[in-house]
Amino acid sequence: MKKPNILLITSDQQHFDTIGACNSEISTPKLDRLVREGTTFQRAYCPNPTCTPSRSFIITGMYPSQHGAWTLGTKLGEDKQTVGKVLRDNGYRTALVGKAHFQPTRSTEKYPSLESMPLF
């Protein structure tokens, strides 16, 4: 049986009514197509107002108090189970594209990062 393709798209500060499918006053035809042909979540909540904890929550299913990446500039531990690893372990090819902010804001020898200061 062929596995379905999975594409998870997230955006910063995207309120539900900023998509044409939910607000007839604006036009977002490409996003509207994703709404029609994909899966939309009617009750999604953000566990933290900053990106590192929230993105870490999305890929681990753990609250910031559990995964440890509690604010911007903290690192998501390499030992944390992620949806990408689960998918990869089940035969999927996976990739994370875009700004992730799972690295510290200061690059270290142990955790070098292109997203770190002063490049950040």
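The values are calculated or read from the model by the stated rules, or taken from the named source; none is laboratory data. Since the model is a prediction, treat every value here as computed from it, not as a measurement. Heads up, the Cβs are rebuilt from the backbone with ideal geometry, glycines too, and the neighbour counts pull from every protein chain shown.
Being within 28 Å of Arg88 (Cβ to Cβ), in a loop (DSSP other than H, G, I, E, B) and at pLDDT 90 or above narrows it down to one residue among Met1, Met62; which is it?
Numbers: Met1 fails: at pLDDT 90 or above.
After ruling out the rest, the residue left standing is Met62.
Quick grid of which residues meet (1) surrounded by fewer than 14 Cβ atoms within 10 Å (Cβ to Cβ); (2) modelled with pLDDT of 80 or more:
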site	(1), (2)
Thr74	no, yes
Asp89	yes, yes
His101	no, no
Ser107	no, no
Tyr111	yes, no
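Step by step: first the residues of the stretch 9-38, then only those that are modelled with pLDDT of 85 or more and in a loop (DSSP other than H, G, I, E, B), then the one that is nearest to Thr71 (Cα to Cα). Which residue is that? Before you say what the answer is, go through the steps one by one.
Let us first name the residues in the stretch 9-38 that are modelled with pLDDT of 85 or more, namely 17-38.
From what's left, in a loop (DSSP other than H, G, I, E, B): 19, 23-28, 38.
Working: Ile19: 28, Asn23: 32, Ser24: 36, Glu25: 35, Ile26: 33, Ser27: 34, Thr28: 32, Gly38: 31 Å.
Looking at the filtered set, the residue picked out is Ile19.
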> Quick one: which of Ser54, Ser24, Ser11 is assigned by TED's automatic domain parsing to the domain that holds Gly84 and small (Gly, Ala, Ser)?
Replying inline: Ser54
>> Go through the stretch 44-61 and report how many residues are surrounded by fewer than 18 Cβ atoms within 10 Å (Cβ to Cβ) and of a type in the set (A, V, I, L, M).
In response: 2
> What residue, among those in the stretch 39-59 that are outside any helix (DSSP H, G or I) and touching a Pro at 6+ places or on another chain (Cβ under 7 Å), is farthest from Pro4 (Cα to Cα)?
Replying inline: Asn48
> Taking the stretch 11-35, which residues are loosely packed, with under 11 Cβ neighbours inside 10 Å and touching a residue at least 12 places away in the same chain (Cβ under 8 Å)?
Replying inline: Asp12
